[in-house]
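Structure first, commentary second.
Bear in mind these aren't lab numbers, they're just calculated from the coordinates by the rules spelled out. Just so you know, these numbers come straight off a predicted model, no measurement behind them. Virtual Cβ from ideal backbone geometry, glycine too; neighbours counted across all protein chains shown.
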Amino acid sequence: MSIKRLSIVLLLVCGLIWVAAPGWGEDDRVALVADLSDTVSPAMAQFAARVIDEAEERTQESGRAEAVVFMLDTPGGLADAMRDMVQYILASKVPVIVYVAPQGSRAASAGVMITIAAHVAAMAPGTNIGAAHPVQGGGKDIGGTMGLKVTNDLVAYTRSLADQRGRNADWAEEAIREAASLPALEAAAEGVVDVVAPNLESLLDWADGREVELVTGSAVLKTKGAQIVYRHPSFRDRLLGVIANPNLAYLLLMIGLMALYFEFSHPGAVFPGVVGAIALILAFFAMQTLPLSYAGLLLIILGVVLFIIELKVTSYGLLTIAGIACLFLGSIMIFDSPEEGLRLAWSTILPTVIFVSAFFVGVILLVWRAQRRKPATGPGGLLMERGKVMNWAGGQGKVFIHGEIWRAEGEAELHPGEEVVVVGGEGLNLKVRPAKKED
């Protein structure tokens, strides 16, 4: 074979390899789809960020990640977590589509801002969006000047997002100030979302060819026929979603400290130590996503340390009082955030502090009583017990007490069979005297 023909064959082979290589063919275009069906939380924000990061990595490696689709169904959630998600979407180098779906879903409260921030906002039939008026934890209205500040801040934030995406900023303000809400068809007609799509495939077909603005510049979506790749929350995400609640994290912390305290004050129990270690690990795992105040955490730990010192030092209760005060102050300070949903509720703080303080005081009393209790073994355990002389000579001999034979010393006139009373002891020797003197 000539060199010319060999070159042609090699070029053809290279061309086939290039077309068939993973990530290089047109059929390898993908749309990453993630289900966000829960309360907006730090766990949800972290999951969304990982999906966007994966899409960007695919784009850098092969240029085949066409879009990220978030299937959204949420009643709302934490404002800080919502802002994190919005920042991830705005900074994404891959188009992000927020699709309020499946039918019957909603994008309420914080979900409104997440939907408006998307490059493409879509809804399924039978869904709704709105009711974004800010509330405190537990659904209570924020009154007074603070309520006005929070509302105005959220209005300005949402209007800027709507203006950036070319969506209805006036309705967005109404959704915050008046808690307005719209069904899917009206939301599309009002310019709140871009389209109402019955399913994911039709949405990707509709979005194909649409031009969007990314941080890197304009981009044209090529989603028609793209392979749909689903991404699901990991066990870590699901666990964090459950325990990343300030009240639950606080309770886990207290349970852990109480269990370890019980284990240290009663060595060998084992089970409390294991439970305490697990509870503390889960508490610290949850706290990594919460606005933790180290001053509050240190005050709580100091309170426990003071309870422990109370076992060793006679303070007549002063250390216990100081420990309770540290526990209370630390509980108030431990989560430092203006958001009500990220602070401890008083309905959690007061019962917990009372119960935990009672627990520590109870353990202290048990240890104190145990220290004052008469020894159960050895000479100390036989104090004031009665026995009989077995043999005696020169102020020494052996006595029979509680089924045991002991060496003893005492008065010289004792006689075998005579009843004696233990009045002291040192080592393995008892000190006795005639029982008739005690009668």
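A few notes on this one:
- Placing unit charges on the Cβ atoms only, positive for Lys and Arg and negative for Asp and Glu, gives region 26-234 a dipole magnitude near 320 debye about its Cα centre.
- The residue list TRP346, LEU311, LEU327 was ranked by how far each Cα lies along the charge dipole of region 245-372 toward its positive end, using unit charges on Cβ atoms, and LEU311 comes out on top.
- Gyration tensor verdict on region 143-238 (Cα atoms; rounded if a/c is under 1.5, prolate if a/b is larger than b/c, oblate otherwise): prolate
- Shape category assigned to region 170-314 from the gyration tensor of Cα positions, a/c cut at 1.5: prolate
- Three-way shape call for region 378-437 based on the alpha-carbon gyration tensor, with the a/c threshold at 1.5: rounded
- The calculated FRET efficiency for the pair ALA358 and GLU404, based on their C-beta separation and a Förster distance of 41 Å, comes to about 0.45.
- Amide H contacts of SER181 (H built 1.01 Å from N, under 5 Å, at least 5 apart or other chain): ALA131
- The slack between LEU318 and TYR230, meaning 0.36 nm per residue of separation minus the straight C-alpha distance, is 25.7 nm.
- Overall dimensions of region 245-372, expressed as equivalent-ellipsoid semi-axes from the Cα gyration tensor (√(5λ), whole Å, largest first), are 26, 17, 11.
- In sequence order, calculated HN-Hα J values of region 83-90 (Karplus, 6.51, -1.76, 1.60; Hz; x Gly/Pro): 5, 4, 5, 4, 4, 4, 5, 5
- For region 273-280, 3J(HN,Hα) per residue [Karplus equation, 6.51 cos²θ - 1.76 cosθ + 1.60, θ = phi - 60°, Hz, x = Gly/Pro]: x, 5, 4, x, 5, 5, 4, 5
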